[in-house]
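Colleague: Okay, here's the structure, questions in a sec.
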Amino acid sequence: MSDSTQPTLDNLLSEERTFPPSAEFAARSNAHAEIYSWAASDRLSFWAEQARAMLDWSTPFTQVLDWSDAPVARWFADGRLNACENAVDRHVAAGRGDRVALLFEGEPGDTREITYADLQREVSKAANALQTLGVGTGDRVAIYLPMIPEAVVAMLACARIGAVHSVVFGGFSAEALRSRIDDAEASLVITADGGYRRGNPSALKPAVDEALAPGDEHDACRTVQHVLVVRRTGQAVDWVEGRDVWWHEAVGAASDQHTPVQVEAEHPLFILYTSGTTGKPKGIFHTTGGYLTQAAYTHLNVFDLKPETDVYWCTADIGWITGHSYVTYGPLVNGATQVIYEGTPDTPHQGRWWDIVQKYRVSILYTAPTAIRTFMKWGEQIPAGYDLSSLRVLGSVGEPINPEAWMWYRRVIGGDRAPIVDTWWQTETGAIMISPLPGITATKPGSAQAPLPGISAEVVDEMAEPVPNGSGGYLVLTEPWPSMLRGIWGDPQRFRDTYWSRFPGLYFAGDGAKKDADGDIWLLGRVDDVMNVSGHRLSTTEIESALVSHPMVAEAAVVGAADQTTGQAVVAFVILRAEFRDRIDEVGEGGDVAAELRAHVTKEIGPIAKPRTILVVPELPKTRSGKIMRRLLRDVAEHRTVGDVTTLADSSVMGQIAAGLGSS
Ligand code: WTA
């Protein structure tokens, strides 16, 4: 853990305002107050009941939780089911085939309406095509696609045949894609020629070609047999004969009849890579029965979903966990009708999202604080130009939502009527853990408030003792939960070390938190070397490694500095190698060196990791044991007076940095 990042309480408001649900909302709520005491009285029967209520099992389970191999949990382990069948086929079988599953809005304005019956035909064809391409149960498939219906179909088709998908966000670079394909030893990559972004086609296939290009240091080209390519933009693509296959040809020619493969509840459903405190991304893997149970249960209750009447829209990309649990699995298992939008919020104009809400009569909106703060910046006259009266529940996820943004969201978007659910969870937790329930909880701006029924969370001090109300500490989860990660792909030891060693027997989430006077939980951000930029997790170490892999850079330290819109922004401090020191004049903002290093990070990781600011410095502040003191760098990056420097090996370093900054 970083030396520098104790949770601080000084930035907290003490919040007096609360917003109980209206009587009308409460009366129609899916969940009732007794759900908390029911779950608390018998947690395991509660989850067993949810697993039976939410899912169809081809073999019913008799065991609920096996924790004998802790921290690797086994939930509902003797049951069998298929995730795709639960998300698609059973709705058709129950006579709901005509219900719209996906309302797709492409960035250029093209639209598609896909019913559950359509989806069943599509996933069946895709599943047949994957099997024809040699993909079997347990094989890994990398998915690198824009936000188009085929992305959801591809995930479900994998699940249908028991293959394990590993979705890689389309904004990641070829390099990032390659390392993820390698780590999972994927045998198939599903991609597209491109997608639309800010009004233009943006190519994807070249990154796949680059990732798979033969080379000695990696074996991606060894494991990958085929690349299945969706035609989205029609742009020209390079083609590797024998390897590359068009989706519309392979899937188009396949039969629309397919029997889902029944798997054990603990069969892996997917791997999703996320940033940790070291340079190498972690392949978080989730299994089938427990994951689906909690994704569906939370989606139904946290958003108070009425599948017959609601139109749900989660703005996350499928490249993130939110897109897995709250675009693909939770909503479809619940038989919801949902909007999928391909593009950016300001294409072709800054009212695009509100236009979509108005057009489809969206009733539940789930998005990130960074988006809300961006809309605040653009001005409330923009949403005011649209009819948002259909909205009845608003969700927030990915980072702490500051009370100002919360209040704006409630007033301007929610018409002072729609409850806001601030949902805390992680890639590792698989589904929402801490959140209000909109028909029960009196919500409080800025606080995620309480663990959901069935979930056990605490805020503890250094000694793992729960802190009293009014105090801060570390957020931990004290009991296993159904959608918990089952490990880090291929690295069981790292799983134990990362999450279970800081407080033995407790899952340490990496977040600081506080309990207020009412016992409500406030999330205070990461206490490790993970940054949160626009709700995306980035590792300081990973960006540092990318920077030092550039020939000009001798050393680099990266910090997340507070940013009004993106929550945090990447600020990099770099020391140039001696032979490049004469280029120091070019390092100012916009200078060639900064531009070159930014481009390098983009190539190594992707544009989301690109530093906002690059500062060239003569030295980095280090402790006597050689640890970089990021706290001091953060002071510099946030223009604060530099804090206590007494533990520095060389106390003059901060002076040198300040002097150096003055000159660049
Ligand atoms: C942060 C995203 C405050 C937190 C679902 C966590 C939040 C990390 C919230 C996980 C929230 C997520 N309030 N912080 N409501 N939701 N976080 O894996 O630091 O991309 O550890 O999962 O995001 O990010 P991840």
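Colleague: For Gly106, state whether it is among the small types (Gly, Ala, Ser), surrounded by fewer than 22 Cβ atoms within 10 Å (Cβ to Cβ) and within 22 Å of Thr259 (Cβ to Cβ). Full working, then the answer.
Modeller: Working: among the small types (Gly, Ala, Ser): yes; surrounded by fewer than 22 Cβ atoms within 10 Å (Cβ to Cβ): yes; within 22 Å of Thr259 (Cβ to Cβ): no.
Against the criterion (among the small types (Gly, Ala, Ser), surrounded by fewer than 22 Cβ atoms within 10 Å (Cβ to Cβ) and within 22 Å of Thr259 (Cβ to Cβ)), Gly106 does not qualify.
Colleague: Out of segment 421-475, which residues are out of contact with any helix residue (DSSP H, G or I) (no Cβ under 7 Å at 6 or more places or on another chain), away from the ligand (no atom under 13 Å from the Cβ), of a type in the set (Gly, Ala, Ser) and within 19 Å of Phe19 (Cα to Cα)?
Modeller: Within segment 421-475, just Ala442 meets the criteria.
Colleague: Now for a different question. Would you point out the residue of segment 388-408, among those that are near the ligand (Cβ under 10 Å from one of its atoms) and in a loop (DSSP other than H, G, I, E, B), that is farthest from the chain's Cα centre (by Cα)?
Modeller: Here the answer is Ile401.
Colleague: Give the residue that is nearest to the ligand (Cβ to nearest atom), with candidates limited to residues of segment 504-514 that are of a type in the set (A, V, I, L, M, F, W, C) and farther than 14 Å from Ala70 by Cα. Before the answer, list the steps.
Modeller: Quick first cut of segment 504-514, residues of a type in the set (A, V, I, L, M, F, W, C) only: 506, 508-509, 513.
Checking the rest, the ones that are also farther than 14 Å from Ala70 by Cα come to 508-509, 513.
Numbers: Phe508: 11, Ala509: 6, Ala513: 9 Å.
It comes out as Ala509.
Colleague: Can you go through Asp491, Asp529 and tell me which one is within 16 Å of the ligand (Cβ to nearest atom) and of a type in the set (Asp, Glu)?
Modeller: Asp529
Colleague: Quick one: in segment 515-525, which of the residues that are within 16 Å of the ligand (Cβ to nearest atom) and not in a strand (DSSP E or B) is nearest to Gly395 (Cα to Cα)?
Modeller: Applying the filter and picking the extreme gives Asp520.
Colleague: Only one of these is part of a helix (DSSP H, G or I) and surrounded by 16 or more Cβ atoms within 10 Å (Cβ to Cβ): Asp528, Asp582, Asp635. Name it.
Modeller: Being part of a helix (DSSP H, G or I) and surrounded by 16 or more Cβ atoms within 10 Å (Cβ to Cβ) holds for just one of Asp528, Asp582, Asp635, which is Asp635.
Colleague: Name the residue that is surrounded by the most Cβ atoms within 10 Å (Cβ to Cβ), counting only residues in segment 61-82 that are among the β-branched types (Val, Ile, Thr) and within 28 Å of the chain's Cα centre (by Cα). Reasoning before the result, please.
Modeller: To start, the set of residues in segment 61-82 that are among the β-branched types (Val, Ile, Thr) comprises 62, 64, 72.
Imposing the further condition that a residue be within 28 Å of the chain's Cα centre (by Cα) reduces the set to 64, 72.
Values: Val64: 20, Val72: 17.
Going through the qualifying residues, I end up with Val64.
Colleague: Return only the number of the condition from (1) in contact (Cβ under 8 Å) with a residue 40 or more places away in the chain; (2) part of a helix (DSSP H, G or I) that Arg411 does not satisfy.
Modeller: Tallying (1) in contact (Cβ under 8 Å) with a residue 40 or more places away in the chain; (2) part of a helix (DSSP H, G or I), Arg411 fails exactly one: (1).
Colleague: Just to check your reading of the model, which residue among Leu332, Leu300 is among the hydrophobic types (A, V, I, L, M, F, W, C) and in contact with a Pro (Cβ under 9 Å, 6 or more places away or on another chain)? Give the derivation first.
Modeller: Working: Leu332 fails: in contact with a Pro (Cβ under 9 Å, 6 or more places away or on another chain).
Matching residue, one of Leu332, Leu300: Leu300.
Colleague: Looking at (1) part of a loop (DSSP other than H, G, I, E, B); (2) more than 18 Å from Trp522 (Cβ to Cβ), which one does Gly470 not meet, given that it meets all the others?
Modeller: Here Gly470 meets the rest and fails (2).
Colleague: Separate question: Out of all the residues in segment 294-319, which are among the aliphatic types (A, V, I, L, M) and out of contact with any strand residue (DSSP E or B) (no Cβ under 9 Å at 6 or more places or on another chain)?
Modeller: Going residue by residue through segment 294-319, those that are among the aliphatic types (A, V, I, L, M) are 295-296, 300, 302, 305, 311, 316, 318.
Listed by number, the residues that qualify are Ala295, Ala296, Leu300.
Colleague: Another question, then. Can you work out which of the residues in segment 1-60 that are part of a loop (DSSP other than H, G, I, E, B), modelled with pLDDT of 95 or more and of a type in the set (Gly, Ala, Ser) is surrounded by the most Cβ atoms within 10 Å (Cβ to Cβ)?
Modeller: Restricting to residues being part of a loop (DSSP other than H, G, I, E, B), modelled with pLDDT of 95 or more and of a type in the set (Gly, Ala, Ser), the top hit is Ala31.
Colleague: Something else: Tell me which residues, restricted to segment 363-386, are away from the ligand (no atom under 16 Å from the Cβ), over 12 Å from Ile413 (Cα atoms) and touching a residue at least 40 places away in the same chain (Cβ under 8 Å).
Modeller: If the condition is that a residue be away from the ligand (no atom under 16 Å from the Cβ), over 12 Å from Ile413 (Cα atoms) and touching a residue at least 40 places away in the same chain (Cβ under 8 Å), then Thr374, Lys377 are the ones that fit.
Colleague: Report those strands (runs of 3 or more DSSP E) wholly inside segment 261-354 carrying at least 3 residues which are over 23 Å from Ala53 (Cα atoms).
Modeller: Answer list for segment 261-354: 268-274, 282-287, 337-341.
The rows are residues; the columns are (1) more than 16 Å from the ligand (Cβ to nearest atom); (2) without any contact (Cβ under 8 Å) to a residue 60 or more places away in the chain.
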| position | (1), (2) |
| --- | --- |
| Gly290 | yes, no |
| Thr293 | yes, no |
| Val302 | no, no |
| Thr309 | yes, yes |
| Trp313 | yes, yes |
| Ile321 | no, no |
| Thr328 | no, no |
| Gly335 | yes, no |
| Gly351 | yes, yes |
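Colleague: Please verify whether segment 226-246 includes one or more residues that are at pLDDT 95 or above, closer than 30 Å to Val92 by Cβ and either among the basic types (Lys, Arg) or under 21 Å from the mean Cα position of the chain (by Cα) (or both).
Modeller: There is at least one residue in segment 226-246 that is at pLDDT 95 or above, closer than 30 Å to Val92 by Cβ and either among the basic types (Lys, Arg) or under 21 Å from the mean Cα position of the chain (by Cα) (or both).
Colleague: Just to be sure I understand, how many residues within segment 395-412 are aliphatic (A, V, I, L, M) and in contact with an Asp or Glu (Cβ under 9 Å, 6 or more places away or on another chain)?
Modeller: 3
Colleague: Answer yes or no as to whether Trp247 is of a type outside the set (D, E, K, R) and surrounded by fewer than 17 Cβ atoms within 10 Å (Cβ to Cβ).
Modeller: no
Colleague: Then there is this: Given the conditions (1) modelled with pLDDT of 95 or more; (2) buried (at least 21 other Cβ atoms within 10 Å of the Cβ); (3) more than 27 Å from Ser68 (Cβ to Cβ); (4) more than 10 Å from the ligand (Cβ to nearest atom), and given that Ile543 satisfies all but one, which numbered condition is not satisfied?
Modeller: Failed condition: (1).
Colleague: Would a scan of segment 256-264 turn up a residue that is closer than 20 Å to Val168 by Cβ and in contact with a strand residue (DSSP E or B) (Cβ under 6 Å, 6 or more places away or on another chain)?
Modeller: No, every residue in segment 256-264 fails to be closer than 20 Å to Val168 by Cβ and in contact with a strand residue (DSSP E or B) (Cβ under 6 Å, 6 or more places away or on another chain).
Colleague: Scanning segment 473-493 for residues that are within 17 Å of Gln426 (Cα to Cα) and not in a loop (DSSP other than H, G, I, E, B), which turns out farthest from the chain's Cα centre (by Cα)?
Modeller: Tyr474
Colleague: Could you say which residue among Ala101, Ala126, Ala94 is in a strand (DSSP E or B) and hydrophobic (A, V, I, L, M, F, W, C)?
Modeller: Answer to the selection: Ala101.
Colleague: How many of the residues in segment 91-111 are free of Cβ contacts under 8 Å to residues at least 60 places away in the same chain and closer than 22 Å to Gly351 by Cα?
Modeller: Residues that pass the stated criteria total 3.
Colleague: While we're here: Which of (1) surrounded by fewer than 22 Cβ atoms within 10 Å (Cβ to Cβ); (2) within 22 Å of Leu300 (Cα to Cα); (3) at pLDDT below 95 does Thr427 not meet, given it meets every other one?
Modeller: Just one mismatch for Thr427, condition (3).
The values are calculated or read from the model by the stated rules, or taken from the named source; none is laboratory data. Fair warning: this is a prediction, and the values are worked out from it, not measured in the lab. Methodologically, a virtual Cβ is constructed for each residue, glycine included, from the backbone with ideal geometry; neighbour enumeration extends over all protein chains shown.
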